[in-house]
Amino acid sequence: MTTPERRPLVAGNWKLFKTGSEAVALVRELGQLLQPAPRAEVAVAPVFTALVTVHDALAGSEIKLAAQDVYWEAQGAFTGEVGPLQLKDVGCHYVIVGHSERRQLFHESDGDVNRKARAVLAHGMAPIVCVGETLVEREAGRATEVVVRQMNAALEGMAESAAARIVIAYEPVWAIGTGRNAAPSDAQQMHAQIRSTFAGRFGQTLASGLRVLYGGSVKADNAAALMAQPDVDGALVGGAALAAASFCAIVRAAD
Ligand code: PGA
(Lines give C-alpha, C1' and ligand atoms only; values in the text may rest on other atoms or scores of the structure.)
Protein backbone atom coordinates (compact mmCIF):
# COMPACT_ATOMS: atom_id res chain seq x y z
CA MET A 1 0.00 0.00 0.00
CA THR A 2 1.04 3.50 -0.79
CA THR A 3 2.74 5.61 1.85
CA PRO A 4 0.75 8.57 3.25
CA GLU A 5 2.51 11.05 0.95
CA ARG A 6 1.45 9.03 -2.12
CA ARG A 7 -2.31 9.21 -2.48
CA PRO A 8 -3.35 6.28 -4.67
CA LEU A 9 -4.78 7.11 -8.09
CA VAL A 10 -7.32 4.93 -9.87
CA ALA A 11 -7.87 6.03 -13.47
CA GLY A 12 -10.43 4.60 -15.89
CA ASN A 13 -9.27 4.40 -19.50
CA TRP A 14 -12.50 4.15 -21.51
CA LYS A 15 -10.66 3.63 -24.81
CA LEU A 16 -12.95 3.83 -27.87
CA PHE A 17 -16.14 3.18 -25.91
CA LYS A 18 -19.15 5.32 -25.04
CA THR A 19 -20.90 8.20 -26.71
CA GLY A 20 -21.19 11.56 -24.97
CA SER A 21 -24.54 10.72 -23.34
CA GLU A 22 -23.33 7.29 -22.20
CA ALA A 23 -20.21 8.88 -20.76
CA VAL A 24 -22.26 11.44 -18.82
CA ALA A 25 -24.54 8.70 -17.46
CA LEU A 26 -21.50 6.78 -16.25
CA VAL A 27 -19.90 9.72 -14.44
CA ARG A 28 -23.22 10.55 -12.78
CA GLU A 29 -23.41 7.00 -11.46
CA LEU A 30 -19.77 7.16 -10.33
CA GLY A 31 -20.49 10.39 -8.49
CA GLN A 32 -23.22 8.66 -6.51
CA LEU A 33 -21.29 5.48 -5.76
CA LEU A 34 -18.18 7.37 -4.68
CA GLN A 35 -19.90 8.86 -1.62
CA PRO A 36 -18.42 9.01 0.93
CA ALA A 37 -15.20 10.13 -0.74
CA PRO A 38 -12.70 7.31 -1.29
CA ARG A 39 -9.08 7.40 -0.17
CA ALA A 40 -7.91 7.17 -3.78
CA GLU A 41 -7.94 10.01 -6.24
CA VAL A 42 -10.15 9.05 -9.19
CA ALA A 43 -9.84 10.02 -12.86
CA VAL A 44 -11.74 9.09 -16.01
CA ALA A 45 -10.46 9.22 -19.59
CA PRO A 46 -13.27 9.41 -22.16
CA VAL A 47 -12.84 9.80 -25.92
CA PHE A 48 -11.89 13.31 -27.09
CA THR A 49 -15.42 14.10 -28.27
CA ALA A 50 -16.88 13.45 -24.81
CA LEU A 51 -14.34 15.53 -22.85
CA VAL A 52 -16.41 18.71 -22.80
CA THR A 53 -19.68 17.08 -21.76
CA VAL A 54 -17.96 14.91 -19.15
CA HIS A 55 -16.15 17.96 -17.80
CA ASP A 56 -19.48 19.74 -17.38
CA ALA A 57 -21.05 16.68 -15.76
CA LEU A 58 -18.15 16.57 -13.28
CA ALA A 59 -18.76 20.12 -12.01
CA GLY A 60 -18.45 20.07 -8.23
CA SER A 61 -17.06 16.52 -8.25
CA GLU A 62 -13.65 15.36 -7.04
CA ILE A 63 -13.28 13.09 -10.08
CA LYS A 64 -10.54 14.34 -12.41
CA LEU A 65 -10.76 14.49 -16.18
CA ALA A 66 -8.11 12.74 -18.27
CA ALA A 67 -7.47 12.45 -22.01
CA GLN A 68 -6.27 9.24 -23.64
CA ASP A 69 -3.66 10.78 -25.90
CA VAL A 70 -2.29 14.09 -27.14
CA TYR A 71 -0.17 15.51 -29.92
CA TRP A 72 2.93 17.37 -28.80
CA GLU A 73 2.38 20.59 -30.72
CA ALA A 74 -0.01 23.14 -29.23
CA GLN A 75 -1.17 24.37 -32.63
CA GLY A 76 -0.31 24.29 -36.32
CA ALA A 77 -1.04 22.47 -39.54
CA PHE A 78 -1.53 19.00 -38.04
CA THR A 79 -4.86 17.86 -39.42
CA GLY A 80 -6.72 15.52 -37.13
CA GLU A 81 -4.57 16.01 -34.05
CA VAL A 82 -5.53 17.36 -30.62
CA GLY A 83 -2.86 19.29 -28.73
CA PRO A 84 -2.13 20.01 -25.07
CA LEU A 85 -3.53 23.54 -25.31
CA GLN A 86 -6.92 22.15 -26.30
CA LEU A 87 -6.88 19.49 -23.57
CA LYS A 88 -6.00 22.07 -20.94
CA ASP A 89 -8.75 24.29 -22.33
CA VAL A 90 -11.45 21.64 -21.74
CA GLY A 91 -10.30 20.97 -18.18
CA CYS A 92 -8.08 17.90 -18.44
CA HIS A 93 -5.95 17.28 -15.40
CA TYR A 94 -4.25 14.10 -16.64
CA VAL A 95 -3.25 12.84 -20.08
CA ILE A 96 -2.41 9.20 -20.74
CA VAL A 97 0.63 8.95 -23.01
CA GLY A 98 2.35 5.97 -24.58
CA HIS A 99 -0.42 3.45 -23.97
CA SER A 100 0.63 0.16 -25.50
CA GLU A 101 -2.25 0.34 -27.98
CA ARG A 102 -0.81 3.66 -29.19
CA ARG A 103 2.67 2.15 -29.37
CA GLN A 104 1.59 -1.03 -31.14
CA LEU A 105 -1.35 -0.04 -33.35
CA PHE A 106 -0.29 3.53 -34.12
CA HIS A 107 3.47 3.00 -34.13
CA GLU A 108 4.33 5.53 -31.45
CA SER A 109 8.03 5.54 -30.68
CA ASP A 110 9.76 6.14 -27.36
CA GLY A 111 10.66 9.59 -28.75
CA ASP A 112 6.99 10.38 -29.46
CA VAL A 113 6.08 9.39 -25.91
CA ASN A 114 8.77 11.73 -24.57
CA ARG A 115 7.53 14.65 -26.72
CA LYS A 116 3.95 14.02 -25.61
CA ALA A 117 4.80 13.77 -21.91
CA ARG A 118 6.85 16.96 -22.07
CA ALA A 119 4.07 18.81 -23.90
CA VAL A 120 1.57 17.75 -21.22
CA LEU A 121 3.87 18.99 -18.46
CA ALA A 122 4.60 22.24 -20.29
CA HIS A 123 0.87 22.98 -20.27
CA GLY A 124 0.49 22.38 -16.55
CA MET A 125 -1.16 18.95 -16.77
CA ALA A 126 0.12 15.61 -15.51
CA PRO A 127 1.07 12.80 -17.90
CA ILE A 128 0.26 9.19 -17.05
CA VAL A 129 3.14 7.58 -18.93
CA CYS A 130 2.53 3.93 -19.81
CA VAL A 131 5.36 1.44 -19.97
CA GLY A 132 5.33 -2.34 -20.23
CA GLU A 133 6.82 -5.32 -21.98
CA THR A 134 5.20 -7.71 -24.46
CA LEU A 135 4.87 -11.43 -23.78
CA VAL A 136 7.74 -12.20 -26.17
CA GLU A 137 9.96 -9.75 -24.31
CA ARG A 138 8.99 -11.17 -20.91
CA GLU A 139 9.58 -14.73 -22.02
CA ALA A 140 12.99 -13.74 -23.38
CA GLY A 141 13.88 -12.38 -19.91
CA ARG A 142 13.95 -8.83 -21.26
CA ALA A 143 11.02 -7.30 -19.33
CA THR A 144 13.14 -5.13 -17.03
CA GLU A 145 15.44 -3.98 -19.82
CA VAL A 146 12.46 -2.93 -21.96
CA VAL A 147 10.69 -1.08 -19.15
CA VAL A 148 13.88 0.73 -18.07
CA ARG A 149 14.50 1.75 -21.70
CA GLN A 150 10.93 3.08 -22.04
CA MET A 151 11.26 4.95 -18.73
CA ASN A 152 14.56 6.57 -19.63
CA ALA A 153 13.31 7.58 -23.06
CA ALA A 154 10.08 9.03 -21.67
CA LEU A 155 11.91 11.07 -19.02
CA GLU A 156 14.69 12.36 -21.27
CA GLY A 157 15.22 16.12 -20.97
CA MET A 158 12.53 16.63 -18.33
CA ALA A 159 13.03 19.35 -15.76
CA GLU A 160 13.11 18.26 -12.14
CA SER A 161 10.48 20.89 -11.33
CA ALA A 162 8.00 19.20 -13.67
CA ALA A 163 8.95 15.63 -12.76
CA ALA A 164 6.96 15.77 -9.53
CA ARG A 165 3.75 15.74 -11.60
CA ILE A 166 4.54 12.60 -13.60
CA VAL A 167 2.59 9.39 -13.02
CA ILE A 168 3.86 6.10 -14.42
CA ALA A 169 1.57 3.20 -15.32
CA TYR A 170 3.18 -0.21 -15.57
CA GLU A 171 1.04 -2.19 -17.98
CA PRO A 172 2.48 -5.49 -19.14
CA VAL A 173 1.10 -5.75 -22.68
CA TRP A 174 0.22 -9.44 -22.22
CA ALA A 175 -2.09 -8.48 -19.34
CA ILE A 176 -4.15 -5.85 -21.16
CA GLY A 177 -7.65 -6.99 -21.98
CA THR A 178 -6.63 -10.63 -21.61
CA GLY A 179 -7.98 -11.40 -18.14
CA ARG A 180 -4.44 -12.37 -17.22
CA ASN A 181 -2.92 -10.00 -14.67
CA ALA A 182 0.62 -9.92 -13.33
CA ALA A 183 1.14 -11.66 -10.00
CA PRO A 184 1.24 -9.00 -7.27
CA SER A 185 4.85 -9.96 -6.48
CA ASP A 186 5.87 -9.57 -10.16
CA ALA A 187 4.13 -6.20 -10.32
CA GLN A 188 5.88 -5.14 -7.10
CA GLN A 189 9.28 -6.09 -8.49
CA MET A 190 8.77 -4.03 -11.64
CA HIS A 191 7.27 -1.09 -9.77
CA ALA A 192 10.31 -0.99 -7.46
CA GLN A 193 12.52 -1.02 -10.55
CA ILE A 194 10.54 1.85 -12.05
CA ARG A 195 10.89 3.86 -8.84
CA SER A 196 14.63 3.27 -8.71
CA THR A 197 15.03 4.24 -12.38
CA PHE A 198 13.17 7.45 -11.60
CA ALA A 199 15.38 8.00 -8.53
CA GLY A 200 18.45 7.61 -10.74
CA ARG A 201 17.35 10.70 -12.68
CA PHE A 202 15.55 12.84 -10.16
CA GLY A 203 16.76 11.66 -6.76
CA GLN A 204 15.18 9.73 -3.89
CA THR A 205 12.92 12.48 -2.63
CA LEU A 206 11.04 12.91 -5.90
CA ALA A 207 11.06 9.14 -6.44
CA SER A 208 9.45 8.49 -3.09
CA GLY A 209 6.55 10.71 -4.15
CA LEU A 210 6.19 9.13 -7.62
CA ARG A 211 2.93 7.27 -8.15
CA VAL A 212 3.32 4.06 -10.12
CA LEU A 213 0.00 2.57 -11.21
CA TYR A 214 -0.52 -1.01 -12.30
CA GLY A 215 -2.64 -1.73 -15.37
CA GLY A 216 -3.72 -4.86 -17.22
CA SER A 217 -6.88 -6.80 -16.35
CA VAL A 218 -7.37 -5.05 -13.01
CA LYS A 219 -10.72 -6.23 -11.64
CA ALA A 220 -12.58 -5.90 -8.36
CA ASP A 221 -11.25 -9.28 -7.22
CA ASN A 222 -7.53 -8.68 -7.84
CA ALA A 223 -7.24 -4.94 -7.19
CA ALA A 224 -6.73 -5.15 -3.43
CA ALA A 225 -3.87 -7.66 -3.66
CA LEU A 226 -2.13 -5.58 -6.33
CA MET A 227 -2.56 -2.28 -4.51
CA ALA A 228 -1.41 -3.84 -1.23
CA GLN A 229 2.10 -4.01 -2.68
CA PRO A 230 4.35 -1.26 -1.30
CA ASP A 231 5.20 0.24 -4.69
CA VAL A 232 1.78 -0.12 -6.34
CA ASP A 233 0.09 3.25 -5.99
CA GLY A 234 -3.17 2.67 -7.80
CA ALA A 235 -4.48 1.30 -11.06
CA LEU A 236 -5.10 2.16 -14.69
CA VAL A 237 -8.28 0.29 -15.52
CA GLY A 238 -9.68 -0.52 -18.97
CA GLY A 239 -12.58 -2.98 -19.30
CA ALA A 240 -13.66 -2.85 -15.66
CA ALA A 241 -13.86 0.96 -15.82
CA LEU A 242 -16.78 0.84 -18.26
CA ALA A 243 -19.32 0.00 -15.57
CA ALA A 244 -19.74 2.09 -12.42
CA ALA A 245 -20.06 -0.83 -9.99
CA SER A 246 -16.88 -2.65 -11.07
CA PHE A 247 -14.86 0.57 -11.29
CA CYS A 248 -15.98 1.75 -7.85
CA ALA A 249 -15.16 -1.62 -6.33
CA ILE A 250 -11.59 -1.15 -7.62
CA VAL A 251 -11.47 2.39 -6.24
CA ARG A 252 -12.68 1.11 -2.87
CA ALA A 253 -10.01 -1.58 -2.86
CA ALA A 254 -7.56 1.26 -2.13
CA ASP A 255 -9.52 2.51 0.93
P1 PGA B 1 -7.73 -3.67 -19.21
O2 PGA B 1 -6.99 -2.41 -19.90
O3 PGA B 1 -8.01 -3.26 -17.79
O4 PGA B 1 -8.98 -3.85 -20.02
O5 PGA B 1 -6.80 -4.82 -19.29
C6 PGA B 1 -6.03 -1.66 -19.20
C7 PGA B 1 -5.48 -0.59 -20.09
O8 PGA B 1 -5.36 -0.81 -21.30
O9 PGA B 1 -5.14 0.53 -19.61
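A few notes on this one:
- Residue separation of residue 62 and residue 192 scaled by 0.36 nm, minus their Cα-Cα distance, works out to 43.9 nm of gained length.
- Per residue, in Å², the accessible surface of the chain once ligands and nucleic acids are set aside, probe 1.4 Å: 42
- Percent carbon-and-sulfur accessible area, the chain, ignoring ligands, DNA and RNA, probe 1.4 Å: 54
- Sum of -39500 (n - 2.57) over DSSP H runs of 4+, divided by residues of the chain (222 nm, nearest 500): -12500 deg cm²/dmol
- Rh (Kirkwood; distinct C-alpha pairs) - the stretch 9-252, Å: 17.8
- Relative contact order computed over the stretch 9-252 (Cα-Cα under 8 Å; 6+ residues apart), in percent: 20
- Rounded to the nearest 20, the size of the Cβ-charge dipole of the chain about its Cα centre is 220 debye, with Lys and Arg at +1 and Asp and Glu at -1.
- Loop GluC sites (Glu not before Pro), the stretch 48-114 (other Cβ atoms within 10 Å of the site Cβ: 14 or fewer; DSSP): 62, 73, 81
- DSSP loop chymotrypsin sites (Phe, Trp or Tyr not before Pro) with at most 13 other Cβ within 10 Å excluded, longest remaining stretch of the chain: 107-255
- Among the GluC sites (Glu not before Pro) found in the stretch 5-38, those both in a DSSP coil and sparsely packed, with 10 or fewer other Cβ atoms within 10 Å of their Cβ, are 5.
- Trypsin sites (Lys or Arg not before Pro) restricted to DSSP loop in the stretch 7-97 with at most 14 other C-beta within 10 Å: 39
- Cα-only radius of gyration and Dmax that characterise the stretch 1-122, units Å: 15.1, 46
The values are calculated or read from the model by the stated rules, or taken from the named source; none is laboratory data. Note that the structure is a prediction, hence the values are computed from the model and not measured. When we count neighbours, we look across all protein chains shown, and the Cβ atoms used for this are built from the backbone with ideal geometry, even at glycine. When the accessible area is computed, the model is the full protein with side chains, heavy atoms only, and any ligands, DNA or RNA have been set aside. Shrake-Rupley method; radii C 1.70, N 1.55, O 1.52, S 1.80 Å.
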